[in-house]
1. Anything in segment 65-91 that is of a type outside the set (V, I, T), surrounded by 13 or more Cβ atoms within 10 Å (Cβ to Cβ) and outside any loop (DSSP other than H, G, I, E, B)? List them, or say none.
2. From the list R68, R84, which one is more than 21 Å from F21 (Cβ to Cβ), without any contact (Cβ under 8 Å) to a residue 12 or more places away in the chain and basic (K, R)?
3. Kindly list, by first and then second residue, each pair from a residue in segment 89-106 that is farther than 11 Å from R77 by Cβ to a residue that is among the polar types (S, T, N, Q) and modelled with pLDDT of 95 or more, limited to pairs with Cβ atoms under 6 Å and residues at least 6 apart or on different chains.
4. For the structure I just gave you, tell me whether E112 is exposed (fewer than 10 other Cβ atoms within 10 Å of the Cβ) and over 28 Å from R13 (Cα atoms).
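The values are calculated or read from the model by the stated rules, or taken from the named source; none is laboratory data. Please read these numbers as outputs of a predicted model, since none were measured by experiment. A quick note on method: Cβ atoms are made from the backbone with ideal geometry, for glycine too, and the neighbour counts reach across all protein chains shown.
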Amino acid sequence: MSSSANLRRRMLRSEKAAIQFPVSRIAHFLKRGRYCRRLGATAPVYLAAVLENLVAEVLELAANMTERHKRKVIKPRHILLAVRQEVEVNKLFHGVTISQSGVIPKIRKELERGKARSTKRAN
């Protein structure tokens, strides 16, 4: 046995699964949270992959919104607008407040000028 065999670097679980999110940290959170009595070896890997997929989806939507507004930096406002426009992601983010992002622009029908208001005055 040569010394190079002993110096071989350990492969991380994130590297084995070819994902960027930290599998070991997620496993630690799952164990510490006591969501179940026993935790399988693949559960944190699966959860890390799902979280990475969700983040990639939201980031892609926010990047598209940033390009649409002719900007180069993604800001919380772009994330909010992107999330609220996509139906499935909006369901996931229902009840979530994104800090420093403002509100979705919407004019209520009662406040609009035009036919609705002029007909009331005519009567």
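1. First, the residues of segment 65-91 that are of a type outside the set (V, I, T): 65, 67-72, 75-78, 80-82, 84-86, 88, 90-91.
Next cut, surrounded by 13 or more Cβ atoms within 10 Å (Cβ to Cβ) only: 65, 75-78, 80-82, 84-86, 90.
Correct list: M65, P76, R77, H78, L80, L81, A82, R84, Q85, N90.
2. Details: R84 fails: without any contact (Cβ under 8 Å) to a residue 12 or more places away in the chain.
Among R68, R84, only R68 is more than 21 Å from F21 (Cβ to Cβ), without any contact (Cβ under 8 Å) to a residue 12 or more places away in the chain and basic (K, R).
3. none
4. Values: exposed (fewer than 10 other Cβ atoms within 10 Å of the Cβ): no; over 28 Å from R13 (Cα atoms): yes.
When the stated conditions are applied, E112 does not pass them.
Per-residue answers, yes or no, for (1) modelled with pLDDT under 90; (2) of a type outside the set (K, R); (3) under 14 Å from the mean Cα position of the chain (by Cα); (4) farther than 20 Å from L54 by Cβ:
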site	(1), (2), (3), (4)
M65	no, yes, no, no
V73	no, yes, no, yes
H78	no, yes, yes, no
L81	no, yes, yes, no
V96	no, yes, yes, no
K106	yes, no, no, yes
T119	yes, yes, no, yes
A122	yes, yes, no, yes
